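Notes for the one structure printed next.
The values are calculated or read from the model by the stated rules, or taken from the named source; none is laboratory data. This is a predicted model, so every value here is computed, not measured. Every residue, glycine among them, receives a Cβ derived from its backbone with ideal geometry; neighbour counts consider all protein chains shown. SASA here: full protein model, heavy atoms, side chains in, ligands and nucleic acids out. Shrake-Rupley method; radii C 1.70, N 1.55, O 1.52, S 1.80 Å.
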2 protein chains.
Amino acid sequence: MRDESIIEQPAVQETLTLRYTREALRFIHDHAGAARQGHPFFLYLPYTFPHVPLHASKAFRGKSPRGLYGDVVEEIDWSVGQILAALRGERLAESTLVLFTSDNGPWLIKQSQGGSAGLLREGKGSTWEGGVRVPCLAWWPGTIAPGRAAQDLATEMDWFATALELAGAKVPSDRPIDGVSLVPVLRGAGPGPRHHVYYYLDTELMAVRRGPWKLHLKTIDPAHDQRKPITRDPPLLFNLSSDPSEHLNIADQHPGVIEQLRKDIVEHQRNLKPGKPQL
Amino acid sequence: MRDESIIEQPAVQETLTLRYTREALRFIHDHAGAARQGHPFFLYLPYTFPHVPLHASKAFRGKSPRGLYGDVVEEIDWSVGQILAALRGERLAESTLVLFTSDNGPWLIKQSQGGSAGLLREGKGSTWEGGVRVPCLAWWPGTIAPGRAAQDLATEMDWFATALELAGAKVPSDRPIDGVSLVPVLRGAGPGPRHHVYYYLDTELMAVRRGPWKLHLKTIDPAHDQRKPITRDPPLLFNLSSDPSEHLNIADQHPGVIEQLRKDIVEHQRNLKPGKPQL
């Protein structure tokens, strides 16, 4: 679709990444002059892949030892390179923040057509780390030093508040906003403002994170044939700093941490105004 | 013990890493002059830790967020740094090859006192990658560029033939030697000479590796309560290049690879002269 019009149906998926890239480059070039004069732009480029069904263009198909999934990732890597090169060519690199991230972990039941969560447990559809913890790369030459790693807690929801702050706009005050601005984290100026993550599956609270601690009230393991949440009572407690793979339940040793997290949940839910599902 | 004499019993384990380090530094300083005049030395420093029971010296205890295991690793890291600094101080860095490696993967049943195999499957006592694949760092300033990664197949057995070649000695010809020299791999001069790894549990052949392919004839999962080898018939086949976690058995799709590996096993065992167990 372009805006509200269907321009191709069914879509030729092999060329989607290529065509998205061309559109993104055109958008950058069209807005570069205004941007250099202080009118910044916002570009959101949600690649269709590596979601299944996977497709790569002719230039990338059959090239990766990792098979089609690898081909798709290599094409996305090429695409990102084109975008960074365009920003450099337009002398916008030092005034542009580029974020590269993902909405969730690998869809493990798709086997070689899914990704890998590395040492993290489980994958997409679960609230184990393999389902919810994703890479995020932030590129901003002159402001973010290459190779610096941030250890702060952050969620995708935080990019809204972050983008508004960077653009000099105000976060709306007429509704509750779940995100917080990550500007201090990006600038390396101090600890981030986020202290908790609450992990939901639809409207069910599954787990909570605070600092290194993660408490699971319910778990689901879609890649291991356990497709409905089961209640964990007593709950499971992991220290993600020392045990990122969530292998060592240490709930017995830290009753005080669990008590604190239970209080945090009560406080969180007291302030929560559930939204209407959009799907 | 020093040579054949017991000098302390029971050993004060807290200071073992510290004392090994001092001994190693003394050995380097004692042999440095001769080494600079063309009489190289061989130093083998097998740290007691991170094998359990874990002990760290006072300077490191309680310092790591990873607990005692992390303290132990930090102390070993300090120790290695002392050794590299001594070699630099003696102007021996460019004529010394330093290897840092491990005999096996983590002992998972020891939980937080064991290590982590990251994305590799299972651990010590198994012939899954988590049990047998280990890191190996080779340091040789001026010969090995920093940050270069070798993708060749290699085993600990190969360091014997490698050390002999580097020292200008000959591999004994009066007995079969299982190792091959990794000098070409270290120098980045071409592919290594090793094409197979045969994985044994005592005298039982469990698996074979050739290039990216690994075929499991038997498996054992000591960290998952399966403590005796079970026969896999049909065998399991994994492509470690695309699936390092050994999640995707693709035996059905590659009968030709399995046939070749079975022939390799017959050839290997025809030439094998079993040694007498030393334990």
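Residue selection: residue A:107 satisfies the criterion of being in contact with a Lys or Arg (Cβ under 6 Å, 6 or more places away or on another chain), within 30 Å of residue A:244 (Cβ to Cβ) and open to solvent by 40 Å² or more (accessible area, probe 1.4 Å).
Across region A:72-104, which residue is most open to solvent (accessible area, probe 1.4 Å) among those that are within 14 Å of chain B (Cβ to nearest Cβ) and in contact with a Pro (Cβ under 9 Å, 6 or more places away or on another chain)? Of everything passing the filter in region A:72-104, A:73 is most open to solvent (accessible area, probe 1.4 Å). Assess whether residue B:279 counts as being modelled with pLDDT of 95 or more and either open to solvent by less than 50 Å² (accessible area, probe 1.4 Å) or not in a helix (DSSP H, G or I) (or both). No.
Say whether the condition of being charged (D, E, K, R), touching a residue at least 40 places away in the same chain (Cβ under 8 Å) and touching a Phe, Trp or Tyr at 6+ places or on another chain (Cβ under 8 Å) is met by at least one residue in region B:122-135. Yes: one or more hits. Confirm whether residue B:148 is farther than 30 Å from residue A:247 by Cβ, over 14 Å from the mean Cα position of the chain (by Cα) and at pLDDT 95 or above. No.
Consider residue A:218 carefully, then state whether it is in contact with an Asp or Glu (Cβ under 8 Å, 6 or more places away or on another chain) and assigned to a strand (DSSP E or B). When the stated conditions are applied, residue A:218 passes them.
Filtered by the rule that a residue be in contact (Cβ under 8 Å) with a residue 24 or more places away in the chain and closer than 18 Å to residue B:48 by Cα, region B:81-107 gives B:82, B:83, B:99, B:100, B:101, B:102, B:103, B:104, B:105, B:106, B:107. Restricting attention to region B:221-244, the residues that are among the hydrophobic types (A, V, I, L, M, F, W, C), open to solvent by 30 Å² or more (accessible area, probe 1.4 Å) and assigned to a strand (DSSP E or B) total 1. If the condition is being farther than 14 Å from residue A:116 by Cα, assigned to a loop (DSSP other than H, G, I, E, B) and open to solvent by less than 60 Å² (accessible area, probe 1.4 Å), then region A:127-153 contributes A:127, A:140, A:141, A:143, A:144, A:145, A:153. Given the criteria away from every other protein chain (no Cβ under 14 Å), open to solvent by less than 80 Å² (accessible area, probe 1.4 Å) and either in contact (Cβ under 8 Å) with a residue 12 or more places away in the chain or over 25 Å from residue B:196 (Cβ atoms) (or both), does residue B:163 qualify? Considered against the rule, which asks whether it is away from every other protein chain (no Cβ under 14 Å), open to solvent by less than 80 Å² (accessible area, probe 1.4 Å) and either in contact (Cβ under 8 Å) with a residue 12 or more places away in the chain or over 25 Å from residue B:196 (Cβ atoms) (or both), residue B:163 comes out as yes.
Return the residues of region A:245-264 that are closer than 25 Å to residue A:111 by Cα and buried (at least 19 other Cβ atoms within 10 Å of the Cβ); say none if nothing qualifies. Matches in region A:245-264: A:245, A:246. Condition (residue is of a type in the set (A, V, I, L, M, F, W, C), open to solvent by 40 Å² or more (accessible area, probe 1.4 Å) and assigned to a helix (DSSP H, G or I)) applied to region B:166-183: is it met by at least one residue? Checking region B:166-183: at least one residue is of a type in the set (A, V, I, L, M, F, W, C), open to solvent by 40 Å² or more (accessible area, probe 1.4 Å) and assigned to a helix (DSSP H, G or I).
Residue A:87 falls short on exactly one of the conditions (1) within 20 Å of the chain's Cα centre (by Cα); (2) not in a loop (DSSP other than H, G, I, E, B), and that condition is (1).
Please determine, by comparing only the residues of region A:110-120 that are within 11 Å of chain B (Cβ to nearest Cβ) and either under 18 Å from residue A:47 (Cα atoms) or of a type outside the set (A, V, I, L, M, F, W, C) (or both), which one is most open to solvent (accessible area, probe 1.4 Å). Taking the candidates together, the pick is A:111. If you go through region A:51-71 and keep only what is at the interface with chain B (Cβ under 9 Å from one of its Cβ atoms), in a loop (DSSP other than H, G, I, E, B) and open to solvent by 30 Å² or more (accessible area, probe 1.4 Å), you end up with A:65, A:66. Inspection of region B:117-137 finds a residue satisfying the criterion of being over 14 Å from the mean Cα position of the chain (by Cα) and at pLDDT below 95. Over 23 Å from the mean Cα position of the chain (by Cα) and aromatic (Phe, Trp, Tyr), is that true of residue B:27? Against the criterion (over 23 Å from the mean Cα position of the chain (by Cα) and aromatic (Phe, Trp, Tyr)), residue B:27 qualifies. Among the residues examined, residue A:7 qualifies as more than 30 Å from residue B:238 (Cα to Cα), open to solvent by 60 Å² or more (accessible area, probe 1.4 Å), among the β-branched types (Val, Ile, Thr) and away from chain B (no Cβ under 14 Å). With the condition kept exactly as written, say whether any residue in region A:24-42 is within 14 Å of chain B (Cβ to nearest Cβ) and surrounded by 14 or more Cβ atoms within 10 Å (Cβ to Cβ). No, the conditions are met nowhere in region A:24-42. Specify which of the listed residues (B:193, B:212) is touching a Ser or Thr at 6+ places or on another chain (Cβ under 9 Å), within 14 Å of chain A (Cβ to nearest Cβ) and open to solvent by 40 Å² or more (accessible area, probe 1.4 Å). After ruling out the rest, the residue left standing is B:212.
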